[in-house]
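The values are calculated or read from the model by the stated rules, or taken from the named source; none is laboratory data. This is a predicted model, so every value here is computed, not measured. All Cβ positions, even for glycine, are placed from backbone atoms using ideal geometry, and neighbour counts span all protein chains on display. We work out accessible area using only protein heavy atoms, side chains counted, and drop any ligands, DNA or RNA first. Shrake-Rupley method; radii C 1.70, N 1.55, O 1.52, S 1.80 Å.
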Amino acid sequence: MTKIDENEKICVIGLGFVGLSTAVYFASRGQEVVGVDTDEGKCEMINRGESPVSEIEFLVRFKASSSIPSNASVYFICVPTPSNEDGIDLSCLIQVCNELRERNDGGVVVIRSTVTPGTTKNVVAPRTNSDRLVVNPEFLQEGKALKDSFNPSRVVIGSENPELGDRIQKLYDGPFLRTDWVTAELIKYASNAALATKLSFVNEIANIAKLLGASTEKVLKGVGMDQRFSPSYMEPGIGFGGSCLPKDLYALIKSCERVGYDPKLLKSVYEVNEGQAKRLVELLETRIGNLKGKLIALLGLGFKEGVEDVRGSRSFPVIDELLDRGARVKIYDLFESNVEAFKNRYGDSIEYSENPLKGADGCLVTTPWKGVNALIRGDVPIIFGRPYMGFEKFEGLNW
Ligand SMILES: NC(=O)c1ccc[n+]([C@@H]2O[C@H](COP(=O)([O-])OP(=O)(O)OC[C@H]3O[C@@H](n4cnc5c(N)ncnc54)[C@H](O)[C@@H]3O)[C@@H](O)[C@H]2O)c1
């Protein structure tokens, strides 16, 4: 581990998955860290030593505040950059940059949020001091956020000033990839686009295998045994969700259009993904007939197994499709917070139950988890949206 830099006082702005992981990483190395979040309740929890994100364990405590301190030497910006019609909503980032400009305290500003190529040059630099800007995208996966932060696949440092890049590099162990701002920004998008492309490819092959009566599992295993392709990230299913892959793919498509390039492949990746939810509902219909008036149990709401996070969950388009066809929907998830998020979205339009298969005409397992099989009853037709332990016993969307 690199020696800590006692001269640096770190401020992490935005304490979600990325900000918390970043703060815990630096604090556990012995760096002085203060976290900032506009959510005061979150700051209070952190100051009590409780983590607002269950998977991010506080190995070392750090202080949090709802206002940005004036004496930090490095500000890591980790605020959300959600989707909007133009591709990306930069309002939180702009708000933080404006506040930092007013302070003008000489601190280095590190963009850790995912931002579309050109954002640092065109949006951030005019609002801060461009001599003090570094792009340092995060690549962690939810479900293993801290593990990824402590063992990153790469630490990308984009700077236009080598000394500044060196200063930020000193805070990490690597492996490093040094570059300029726009390249660092595009590496993040290209990485997520590559993962999304792989998943849509896998889903398309799996759909074809099912139609041809081939074994999806064996076909994908056979492809993954080629060392040029790698067997990981080869799970077929209802598509990729979460707070990153769909939004980043969409933002990249919009960025391409702005520079006059038509990203045909990326658009197809998006379309294949969007189509999977409808395919699942159509498959159920072929098994139990017209869905109008039928009660369908839907199990698993997180965007992937084991997460308390429904952002971009593929259960949303599945429910929308079921409701469009006149079905009644009853949902279940292990995490109360996931169920609450669906209650906020659907209210009385759907039902909620601890005993979801009771009275159901059919069941869809959208996000399976360990133990889901215990809920399943033999008399209710069931289709899995994704493979999970013991999935071979059940019909799946594309196996
Ligand atoms: N979640 C991931 O797996 C992941 C992985 C890599 C990169 N990213 C990117 O990192 C960024 C943050 O993602 P996240 O998942 O951690 O977000 P998040 O929604 O989990 O957390 C963001 C936090 O920022 C706070 N916030 C919002 N506006 C603020 C402001 N003006 N000042 C201070 N705090 C503010 C919110 O209250 C929230 O606590 C996004 O750009 C995202 O695309 C996310």
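Points worth noting:
- Some residue of region 156-163 being more than 16 Å from the ligand (Cβ to nearest atom), touching a strand residue (DSSP E or B) at 6+ places or on another chain (Cβ under 8 Å) and acidic (Asp, Glu): yes
- Apart from one condition, residue 156 fits all of (1) closer than 16 Å to residue 26 by Cα; (2) hydrophobic (A, V, I, L, M, F, W, C); (3) under 21 Å from the mean Cα position of the chain (by Cα); the exception is (1).
Residue-by-condition table, conditions (1) touching a strand residue (DSSP E or B) at 6+ places or on another chain (Cβ under 6 Å); (2) modelled with pLDDT of 95 or more; (3) not small (Gly, Ala, Ser):
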position	(1), (2), (3)
304	no, no, yes
308	no, no, yes
313	no, yes, no
320	no, yes, yes
329	yes, yes, yes
341	no, yes, no
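- The residues listed here are 112, 132; of these, the one that is basic (Lys, Arg) and in contact (Cβ under 8 Å) with a residue 40 or more places away in the chain is 112.
- Matching residues in region 44-60 - criterion: being in contact with a strand residue (DSSP E or B) (Cβ under 8 Å, 6 or more places away or on another chain) and open to solvent by less than 10 Å² (accessible area, probe 1.4 Å): 46
- Single residue of 13, 4 found to be without any contact (Cβ under 8 Å) to a residue 40 or more places away in the chain, in contact with a Gly (Cβ under 9 Å, 6 or more places away or on another chain) and either closer than 17 Å to residue 100 by Cα or not assigned by TED's automatic domain parsing to the domain that holds residue 175 (or both): 4
- Residue within region 235-249 that is without any contact (Cβ under 8 Å) to a residue 24 or more places away in the chain, assigned by TED's automatic domain parsing to the domain that holds residue 361 and farther than 26 Å from residue 18 by Cβ present: no
- Residue in region 371-383 that is under 21 Å from the mean Cα position of the chain (by Cα), under 19 Å from residue 396 (Cα atoms) and not charged (D, E, K, R) present: no
- Test: residue 34 is free of Cβ contacts under 8 Å to residues at least 40 places away in the same chain and under 27 Å from residue 147 (Cβ atoms): yes
A quick yes/no check of all residues on (1) at positive phi; (2) among the basic types (Lys, Arg); (3) more than 20 Å from the chain's Cα centre (by Cα):
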position: 181; (1), (2), (3): no, no, yes
position: 193; (1), (2), (3): no, no, no
position: 197; (1), (2), (3): no, no, no
position: 221; (1), (2), (3): no, yes, yes
position: 239; (1), (2), (3): yes, no, no
position: 247; (1), (2), (3): no, yes, no
position: 251; (1), (2), (3): no, no, no
position: 270; (1), (2), (3): no, no, no
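- Screening 67, 73 for residues that are without any contact (Cβ under 8 Å) to a residue 60 or more places away in the chain, surrounded by fewer than 17 Cβ atoms within 10 Å (Cβ to Cβ) and of a type in the set (S, T, N, Q) leaves exactly one candidate, 67.
- Test for residue 36: is it over 21 Å from residue 170 (Cβ atoms), of a type in the set (A, V, I, L, M, F, W, C) and touching a Leu at 6+ places or on another chain (Cβ under 6 Å): no
- Test: residue 271 is in a helix (DSSP H, G or I) and under 22 Å from residue 356 (Cβ atoms): no
- Residues that are open to solvent by 40 Å² or more (accessible area, probe 1.4 Å) and either out of contact with any helix residue (DSSP H, G or I) (no Cβ under 9 Å at 6 or more places or on another chain) or over 23 Å from residue 270 (Cβ atoms) (or both), drawn from region 216-255: 217, 218, 219, 221, 222, 225, 226, 227, 228, 231, 254
- Failed condition for residue 29, given (1) modelled with pLDDT under 95; (2) at positive phi: (2)
- The residue that is farthest from residue 383 (Cα to Cα), among those in region 256-282 that are in contact (Cβ under 8 Å) with a residue 40 or more places away in the chain and open to solvent by less than 20 Å² (accessible area, probe 1.4 Å), is 269.
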